[in-house]
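Asker: Right, I'll just put the structure down here and ask away after.
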Amino acid sequence: RMYEQLTKICPGVEEYRIYYAQSTYKAGLYADAQKAASLIESENNFFRVKKLQAAIAYEQEETTQTKSFLDKCYANDADVISLQGCVLYKEGNYAGALAKFQEAMNALGYKLDLAYNVAVCYYKMEQYENAQKYIGEIIEKGIHEHPELNIGSAGAEVRSVGNSQVLKETSLIESFNLKSAILWMTKNPQGAKEALKDMPPRSDEELDPVTLHNTALVNMDTDPSGGFKKFNYLLQTPPFPPETFQNILLYFCKYQYFDLAADVLAENTHLSYKYLSQQSQTLYDFLDGMITAQTSPAEAYQKFDQLATRHIDVLRKLTKRIQDAKQQHDKSAVTAAYKAYSDALEEYVPVLMAQAKIYWDTENYPMVEKIFRASADFCAENETWKLNVAHVFFMQENKFQNSIRYYEPVVDAHAEKILNCSAIVLANLCVSYIMSSLNEKAEEVMRRLEHEEEKLMQEDPDKQPLHLCIVNLVIGTLYCSKGNFEFGISRIIKSLEPYHRKIMSDTWFYAKRCFLALAMSLAKHMVMLKDQTFDEILAFFDQADLHGGKIPAHIHPDPSKQDASSKNTVRWEARQLKRLYLQLRD
């Protein structure tokens, strides 16, 4: 406003008009800034104005116009070179952008913003080690030169440093976000969370859109409701990272909030066109199929089938490209072709799984197996595919040998740290061993689990591994479903020892199903129980009563709708079950 007034008081002073255009640009008023800059026609400031106009056009995402302005600037100007790098980056030419940023850094010396730009280019080129090198330099510089920013003070009670000019000039927020992104992409979610916590402390209201988005993303596994709130807030208060729109839709589908996903698509058609139709039509088709599957599975199957056909065509072309590169003995071309094939396969597998899930939900497992067999030429080495094939064989209950063949390599891959393997995989493998009369192998797996859990508990008493608990629950449930209630129930009770640690909402849910199934069989006089078994069951209910007073029996997905009454506790349900079993015994 001050410069605007000065331009009116002193219309002949061109510097004021330039400063006014620059200040409106810095304030994000790009249309006003471009208008003000276009009125400056002096030859003395020609290149200065063109450079400013190029920067404004870039922020308005007018790439062609940006190039036009840059063509009129000094080619050797470091700022021009840097802006040329930004244009190349936006066009997806990351190698070209990297060269420009490095050229600008050579001309200007070490600049934090340029170092960050170099790191981003390496990140986009998936050269993560090089990216982390530059990020590490920026963070180290911030730690040494700005101790007042409290870098790495996670967990301590410190004041917010605010969004100061000093913080902006350090490029620390951008660097920590990029570090978190790299750790997330390299399958280290815990490291990604810690990187965000190490940022200079700010209040939630002060977080920038990228940090807010990344915080939501890395915490979706533990706080999905909080993540959805952050995503929704970002959509309602642009600008926001482009990934926000795609991620909220994908997570709505992951947590089966398909109605909400449909609402977001319907209410944001402009975003659907910009971020899906224009940039990722296959993702739009995938989401459309996921939503359609809830009301019309047959129609959704056709959509997935058409989408899968397109993916397979791409995979076939890439297979041919790999073969051609090998024949020409071009190592770089082979590497690039394999990378493209791997990326294409990662896009195809979710479509295949969604297509198979339509039959899985109707328990038509032979048809699921048929779909997987048809895709074996492309997916045979994919870990997700192999694991789901194992699950399909397991569910058919007459192909346990086949399921063992696929489960065993997954477990063997975690031989040194078996607790890193999925508990359900271990449970299904043990059940497959038992059903194939390979009980010794099942016992061996369980002994390894027990040893590893004891070792972990000694190292960190606060940790509570549940792998052995889940395996015993699954085995116990299996025996109960086969009518061998005495052995099955004994496994269920054993799985929850020690009770004060392992009785929780999820474990209680699966345990009580077996007790209810046994109660139904007893009521129908289909089974007889020994007095000793009755005593063990009643003693277990007493323990559940003792330790379950504050444990909810059912957790609502929406915390605001959670039933907090005394009837929604493990204690209340254990008492009801004990009363039922006392009546059955009498």
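The values are calculated or read from the model by the stated rules, or taken from the named source; none is laboratory data. Note that this is a predicted model, so its numbers are computed, not measured. Note: ideal-geometry Cβ built from the backbone for every residue, glycine included; neighbour counts use all protein chains shown. These accessible areas exclude ligands, DNA and RNA; they are computed on the full protein's heavy atoms, side chains included. Shrake-Rupley method; radii C 1.70, N 1.55, O 1.52, S 1.80 Å.
Asker: Select from the range 136-182 the residues that are at negative phi and outside any helix (DSSP H, G or I) and list them in ascending order.
Answerer: Here is the first cut: in the range 136-182, the ones at negative phi are 136-149, 151, 153-154, 156-161, 163-170, 172-182.
Hits for the range 136-182 are HIS146, ILE151, SER153, ALA154, ALA156, GLU157, VAL158, ARG159, SER160, VAL161, ASN163, SER164.
Asker: Another question about this same structure. For residues in the range 49-106 being of a type in the set (Lys, Arg) and surrounded by fewer than 16 Cβ atoms within 10 Å (Cβ to Cβ), which is farthest from the chain's Cα centre (by Cα)?
Answerer: Looking at residues that are of a type in the set (Lys, Arg) and surrounded by fewer than 16 Cβ atoms within 10 Å (Cβ to Cβ), I get LYS72.
Asker: Let me ask something else about it. Filter the range 487-500 down to residues that are in contact with a Leu (Cβ under 9 Å, 6 or more places away or on another chain) and either in contact (Cβ under 8 Å) with a residue 60 or more places away in the chain or not β-branched (Val, Ile, Thr) (or both) and give me whichever is nearest to MET526 (Cα to Cα).
Answerer: Ranking the qualifying residues of the range 487-500, first place goes to GLY488.
Asker: Additional query: Among the helices (runs of 4 or more DSSP H) confined wholly to the range 203-314, which include 2 or more residues that are open to solvent by 60 Å² or more (accessible area, probe 1.4 Å)?
Answerer: Details: elements: 209-218, 224-236, 243-254, 258-267, 269-272, 281-292.
Here the list reads 224-236, 243-254, 258-267, 269-272, 281-292.
Asker: For the range 1-37, what are the residues that are of a type in the set (A, V, I, L, M, F, W, C) and either assigned to a helix (DSSP H, G or I) or under 26 Å from GLU62 (Cα atoms) (or both)?
Answerer: Those that are of a type in the set (A, V, I, L, M, F, W, C) and either assigned to a helix (DSSP H, G or I) or under 26 Å from GLU62 (Cα atoms) (or both): MET2, LEU6, ILE9, ILE18, ALA21, ALA27, LEU29, ALA31, ALA33, ALA36, ALA37.
Asker: Sort out which residues of the range 460-478 are of a type outside the set (Val, Ile, Thr), in a helix (DSSP H, G or I) and within 29 Å of the chain's Cα centre (by Cα), and write them in order of number.
Answerer: HIS467, LEU468, CYS469, LEU473 - these are the residues of the range 460-478 that are of a type outside the set (Val, Ile, Thr), in a helix (DSSP H, G or I) and within 29 Å of the chain's Cα centre (by Cα).
Asker: For residues in the range 366-391 being free of Cβ contacts under 8 Å to residues at least 12 places away in the same chain, of a type outside the set (Lys, Arg) and part of a helix (DSSP H, G or I), which is nearest to TYR338 (Cα to Cα)?
Answerer: My answer is ASP377.
Asker: Name the residues in the range 117-135 that are farther than 10 Å from LEU178 by Cβ and of a type in the set (A, V, I, L, M), would you?
Answerer: Selection gives VAL118, MET125.
Asker: From the set of residues in the range 169-186 that are loosely packed, with under 14 Cβ neighbours inside 10 Å and under 19 Å from ASN214 (Cβ atoms), which is nearest to the chain's Cα centre (by Cα)? Show your work before the answer.
Answerer: Step one: of the range 169-186, the residues loosely packed, with under 14 Cβ neighbours inside 10 Å are 169, 185-186.
So of that shortlist, the ones also under 19 Å from ASN214 (Cβ atoms) come out as 185-186.
On the way: MET185: 9, THR186: 12 Å.
Across the range 169-186, the extreme among qualifying residues is MET185.
Asker: Can you name every residue in the range 456-486 that is surrounded by fewer than 14 Cβ atoms within 10 Å (Cβ to Cβ) and either under 19 Å from TYR499 (Cα atoms) or touching a residue at least 60 places away in the same chain (Cβ under 8 Å) (or both)?
Answerer: GLN458, ASP460, PRO461, ASP462, LYS463
Asker: On the basis of being under 21 Å from VAL80 (Cα atoms), surrounded by fewer than 16 Cβ atoms within 10 Å (Cβ to Cβ), in contact (Cβ under 8 Å) with a residue 12 or more places away in the chain and in contact with a helix residue (DSSP H, G or I) (Cβ under 9 Å, 6 or more places away or on another chain), does SER42 make the cut?
Answerer: So SER42 fits the description; yes.
Asker: Collect the residues in the range 123-139 that are of a type in the set (A, V, I, L, M, F, W, C) and either surrounded by 15 or more Cβ atoms within 10 Å (Cβ to Cβ) or modelled with pLDDT of 95 or more (or both), keeping them in residue-number order.
Answerer: ALA131, ILE135, ILE138, ILE139
Asker: Counting only residues that are of a type in the set (Phe, Trp, Tyr) and without any contact (Cβ under 8 Å) to a residue 40 or more places away in the chain, how many does the range 332-358 have?
Answerer: 2
Asker: Now, a different point. Between residues in the range 517-538 that are without any contact (Cβ under 8 Å) to a residue 60 or more places away in the chain and residues that are surrounded by fewer than 17 Cβ atoms within 10 Å (Cβ to Cβ) and aliphatic (A, V, I, L, M), which pairs lie under 8 Å by C-beta distance while being six or more apart or on different chains?
Answerer: Qualifying pairs under 8 Å: LEU518/VAL527; SER521/VAL527; LEU538/LEU582.
Asker: Next question. Consider VAL120 carefully, then state whether it is β-branched (Val, Ile, Thr) and modelled with pLDDT of 90 or more. First the steps, then the outcome.
Answerer: Working: β-branched (Val, Ile, Thr): yes; modelled with pLDDT of 90 or more: yes.
Answer is yes for this residue.
Asker: Separate question: Would you point out which residue out of LEU217, LEU234 is touching a Leu at 6+ places or on another chain (Cβ under 9 Å) and aliphatic (A, V, I, L, M)? Full working, then the answer.
Answerer: Details: LEU217 fails: touching a Leu at 6+ places or on another chain (Cβ under 9 Å).
Answer to the selection: LEU234.
Asker: Report the residue count in the range 431-455 for those that are farther than 22 Å from MET395 by Cα and either touching a Gly at 6+ places or on another chain (Cβ under 9 Å) or buried (at least 19 other Cβ atoms within 10 Å of the Cβ) (or both).
Answerer: The total comes to 2.
Asker: For the range 107-116, what are the residues that are within 28 Å of MET185 (Cα to Cα), open to solvent by 40 Å² or more (accessible area, probe 1.4 Å) and not hydroxyl-bearing (Ser, Thr, Tyr)? Full working, then the answer.
Answerer: Taking the range 107-116 as the starting set, the residues that turn out to be within 28 Å of MET185 (Cα to Cα) are 110-116.
Checking which are open to solvent by 40 Å² or more (accessible area, probe 1.4 Å) leaves us with 110-111, 113, 116.
Those that are within 28 Å of MET185 (Cα to Cα), open to solvent by 40 Å² or more (accessible area, probe 1.4 Å) and not hydroxyl-bearing (Ser, Thr, Tyr): LYS111, ASP113.
Asker: If PRO189 satisfies all but one of (1) over 27 Å from TYR257 (Cα atoms); (2) open to solvent by 30 Å² or more (accessible area, probe 1.4 Å); (3) of a type outside the set (Lys, Arg); (4) touching a residue at least 12 places away in the same chain (Cβ under 8 Å), what's the number of the condition it fails?
Answerer: Tallying (1) over 27 Å from TYR257 (Cα atoms); (2) open to solvent by 30 Å² or more (accessible area, probe 1.4 Å); (3) of a type outside the set (Lys, Arg); (4) touching a residue at least 12 places away in the same chain (Cβ under 8 Å), PRO189 fails exactly one: (1).
Asker: In the range 416-435, how many residues are in contact with a helix residue (DSSP H, G or I) (Cβ under 9 Å, 6 or more places away or on another chain), part of a loop (DSSP other than H, G, I, E, B) and not polar (S, T, N, Q)?
Answerer: Total meeting the criteria: 2.
Asker: Here's something else I'd like to know. Go through (1) modelled with pLDDT under 95; (2) of a type outside the set (Val, Ile, Thr); (3) over 35 Å from the mean Cα position of the chain (by Cα) one by one and return the number of the condition GLN543 breaks.
Answerer: (1)
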